[in-house]
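The values are calculated or read from the model by the stated rules, or taken from the named source; none is laboratory data. Note that this is a predicted model, so its numbers are computed, not measured. Cβ placement follows ideal geometry from the backbone for every residue including glycine, while neighbour counts extend to all protein chains displayed.
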Amino acid sequence: MKKKILSLVLVLGTVFVLTGCGNKPSTLVCSQKVSNINVEINANFAGNKVKSMGLKYDMDYSKYSDTYVETVSKQDFCKTVTSAMSSQFTLVDCKQTTNGKNIVIKSGIDISKLSSSSLTGSPSATKTELEKQGYSCTLK
């Protein structure tokens, strides 16, 4: 399951090589559900340049007992996600919360550690490419 999640997030890094036109600020929010995890990736653009990125994992444990959820929620998922992503992204300000039977991980992605070519691309073209990968995207 970790490999699926990692591969979903890695897709985002590869599609930013697309180019396009425009200088209007915009936000691209894409999500995809894998097993019991809803993965959401967001990127804030200024024209065709990514200015900030973040991710959110919302893990749904509603099918499990309260005791199980309590035990699982004591795990440090920020550490797990950071470790899994370390070869591609540096995560910053990772926070883990429990909301009922959902465990939510939110983190920023340190774009200063990414190549400048990875941070350039048309928001609409990036949206199209991520949708081809099975994401549901909204461009605001």
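Scan region 47-66 residue by residue and report those that are more than 30 Å from THR138 (Cα to Cα), outside any helix (DSSP H, G or I) and not small (Gly, Ala, Ser). I'd like the intermediate steps shown before the answer.
From region 47-66, those more than 30 Å from THR138 (Cα to Cα) are 64-66; that's our starting set.
From what is left, the residues that are outside any helix (DSSP H, G or I) are 64-65.
The answer is TYR64, and nothing else.
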Tally of residues being farther than 30 Å from VAL72 by Cβ, of a type outside the set (D, E, K, R) and not in a strand (DSSP E or B) across region 104-130: 15
Residue selected from region 104-140 under the condition surrounded by 19 or more Cβ atoms within 10 Å (Cβ to Cβ) and aliphatic (A, V, I, L, M), by the criterion modelled with the lowest pLDDT: LEU119
Single residue of region 67-103 satisfying the filter (aliphatic (A, V, I, L, M), surrounded by 16 or more Cβ atoms within 10 Å (Cβ to Cβ) and in a strand (DSSP E or B)) that is modelled with the lowest pLDDT: LEU91
Region 25-62, residues that are buried (at least 21 other Cβ atoms within 10 Å of the Cβ) and of a type in the set (Lys, Arg): none
Hits in region 29-46 (condition: of a type in the set (S, T, N, Q) and in a strand (DSSP E or B)): SER31, GLN32, ASN38, ASN42, ASN44
